[in-house]
Structures are given as C-alpha cells and as structure tokens.
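Heads up: the structure comes next, in structure tokens.
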Ligand code: PMV
C-alpha cells in the first residue's frame, strides 16, 4: 500500500455529533526502533509485544461546525483537568494527519484522556495515547464511511498513530506486532504495524512483563531527539542491519519457543539501544545505578535457577522483566523479594501480553 491510499474519497454519509471511546495499550519492543527517516518512516523494522494493563483511555466528542475551520479545533482534558501543555503535540498530530483525514477541520472536538498507569511513572504514554486517539479518529471516519473493512480500519488507525508517535503504530492489535518492511515478513510495511504473521509457540502466549519503575522522572531525552542522534551516528548502518537480522532470527525463535535464543536477542537489543545513546554526539546515559543492579540480579538468578527470565529497556531507566506465564509464581517471588527494593518508592507495574485496543463505548 501507498500512503495516498489512506486519502479518503468524498463521503456519502454525514455525522453531526457524537462520542467515541477507545482504550489502547502500550507496547514493549523486542527489536527496537531507534532512528527514523522523514515522515516517521523507521530506519529499521521492529517487533513488539502488545501489553495488556498499561493503557490509555481516550474519549473523542465531536460536533460538526457550521463553517469548517482551517485547523482542527479541540479542547483537551487529562484526568478530568484541562491540559494546555499537552495540546501542541496533539496539534502537530492533527496537522500531520489532516491530509488523510480532511474531515477533521469540520468539527469541534473535546478530547478526554487518562492512563491506567500513574502519571510521571517514567512510562511513555505516547504509544497508548496516540493509538487511542487515532482509533477515535478512525471511528469517526467509519461513521462517515460505514462500508470500511475491519482490515482497512486497523491499517489506517496504525498508519495515523505512526504519524503521532512511531511506536504507537504497534499498539492497535495484539499480541506480537511488526512495523517496518522486512523481506521475510509478508505484508510488513514501513507505513503501519501488522500482526506478526508467522507461527508463534504457545510459550509466548501470556508472557509476563513486570515493569520496574527505577526512575519516575520525566525523560531526559525525548525520543525525537533520540532518533535524530542516529543521523550521522558512526554505528548507524551496522545497527540497522543488526535489527534486520535479529528480526530474521526471531522468526524461528517465535516458532520453536527457543527461550535461550529469545533472551539473547532481547537483552542484546536493549543494551544496543542504550549503547547507541552512549556513543552518539551528544551522548547520554539513561540507565541509573539501580538499572544495572537489577540487570545483574536477573543474570545471577537466571544462572542459578536456569529459569528463562530476561530484561528489556526503553529509552529510560525503567526495567521490563519478561518471563513465561508458566514460571510466574517463582519469578514473581524473586522480583518482589530481590528487585522491587531498587525501584523508586518500590513501585512496579504488573503487565502481560495483550490482545490490542478495544472500543469501550456503545456507539
Ligand atoms: O515512538 P517513539 O518515537 O517514542 O520511539 C520509541 C523508541 C523506543 O521505545 C526506544 C523503541 C521502540 O521500538 O519502542
């Protein structure tokens, strides 16, 4: 598909006013997206587990205006309070998607949004937030074009979410999502995420992600600054090629359930992401001493018990501890007894692989 395929034909239906609510999950990348080209096109393909309980709920109320404006017109509420400082990001998002959703300027919107995870937990809400909003926009479009297929709905929702925040395009469906063209993965695209089409071993169903909140401070490096650091980065080309081949390797791992090989790729991806930040100009260290303590504890525990627990990281200090559901009892005990002490105020979130976003209103 080409991006122009998402420009709609004139609509036959009208929608004067209404209210739409979507809940969209966060996701955690196994092969990381770090570096992009123009228009939020990723420099390499990535794959993520869609999460379950870390979600954003967004309601879009719309009322058709007498005269269409030149920009999307909206008020924004976060956790029930007007939030002016979140507006510029949404304004930029609406501007970017205007070409694909020309009906946006016909409406007055009220957007109300809240997260299931605590504010300033260091968990990025852009993936769940942008995907929830993109889905609300698509439900409005479906009001105008009721014949739209489910497949197109999800593709365009992911396409729009990508224009808000790259990784958000992996938060529409579950439970494993690939974004970025890869010659071995049928239908993969730089424009949107797709459900991973290959075979997936049952061990990956219900995989657990306990998110250890090591540093709840706001991110010191925004992801757009981070992605830009890959332009002219001395290791960029090698890194992009490595992500591509890691995805290749994962195909067989997903199929066979080879957790040893899975752990090797996932942990290497996390450390490589941070290595890219440490070796760019300017350079950053986003891990904290407690991030390293947790990593070492996980390695020690894995060595002594032989249990398949591993970690991954986002562009921050928090640690995602990943493990199969069948080992949950003993591994969660270990997390509580040995790792939680390294979290800020002992805070952590229990999440798992999820099925994707859900519309939660009645229409
Ligand atoms: O979607 P962005 O622009 O916030 O970038 C997210 C990048 C990482 O979370 C570090 C990796 C990923 O693939 O999710």
Inset, instruction - Out of 249, 271, report the one residue that is over 13 Å from residue 32 (Cα atoms) and modelled with pLDDT of 95 or more. - result: 249
Legend entry - Residue that is farthest from the ligand (Cβ to nearest atom), among those in the stretch 17-39 that are at pLDDT 95 or above and not in a strand (DSSP E or B): 35
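Of all residues in the stretch 57-99, how many are assigned to a loop (DSSP other than H, G, I, E, B), in contact (Cβ under 8 Å) with a residue 40 or more places away in the chain and under 20 Å from residue 164 (Cβ atoms)? Spell out how you get there, then give the answer.
Taking the stretch 57-99 first, the residues assigned to a loop (DSSP other than H, G, I, E, B) are 65-72, 79-80, 83, 98-99.
Then keep just the ones that are in contact (Cβ under 8 Å) with a residue 40 or more places away in the chain; that gives 65, 79, 99.
So of that shortlist, the ones also under 20 Å from residue 164 (Cβ atoms) come out as 79, 99.
Total meeting the criteria: 2.
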Inset, instruction - Name, by its number, the condition in (1) assigned to a helix (DSSP H, G or I); (2) within 16 Å of the ligand (Cβ to nearest atom) that does not hold for residue 5. - result: (2)
Inset, instruction - Inspect all residues belonging to the stretch 256-267 and state whether any of them is at pLDDT below 95 and away from the ligand (no atom under 14 Å from the Cβ). - result: no
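Take the residues in the stretch 275-286 that are surrounded by 20 or more Cβ atoms within 10 Å (Cβ to Cβ) and at pLDDT 95 or above; name whichever of them is nearest to residue 215 (Cα to Cα). Full working, then the answer.
First pass over the stretch 275-286, keeping only residues surrounded by 20 or more Cβ atoms within 10 Å (Cβ to Cβ): 276-277, 280, 286.
Cutting the leftovers down to at pLDDT 95 or above gives us 276-277, 280.
Values: 276: 20, 277: 18, 280: 22 Å.
Step by step, filter the stretch 275-286, then rank; the result is 277.
So which residues in the stretch 115-141 are more than 16 Å from the ligand (Cβ to nearest atom) and either farther than 13 Å from residue 54 by Cα or over 16 Å from the mean Cα position of the chain (by Cα) (or both), if there are any at all?
Our first condition is that a residue be more than 16 Å from the ligand (Cβ to nearest atom); within the stretch 115-141, this holds for 116, 118-120, 135-141.
118, 119, 120, 135, 136, 137, 138, 139, 140, 141, listed by residue number.
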Legend entry - the stretch 331-363: number of residues that are closer than 15 Å to residue 291 by Cβ and touching a residue at least 12 places away in the same chain (Cβ under 8 Å): 9
Inset, instruction - Considering every residue within the stretch 44-56, establish whether at least one is within 30 Å of residue 233 (Cα to Cα), free of Cβ contacts under 8 Å to residues at least 60 places away in the same chain and assigned to a strand (DSSP E or B). - result: no
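The values are calculated or read from the model by the stated rules, or taken from the named source; none is laboratory data. Keep in mind that this is a model prediction, so the values were computed, not measured. Note: ideal-geometry Cβ built from the backbone for every residue, glycine included; neighbour counts use all protein chains shown.
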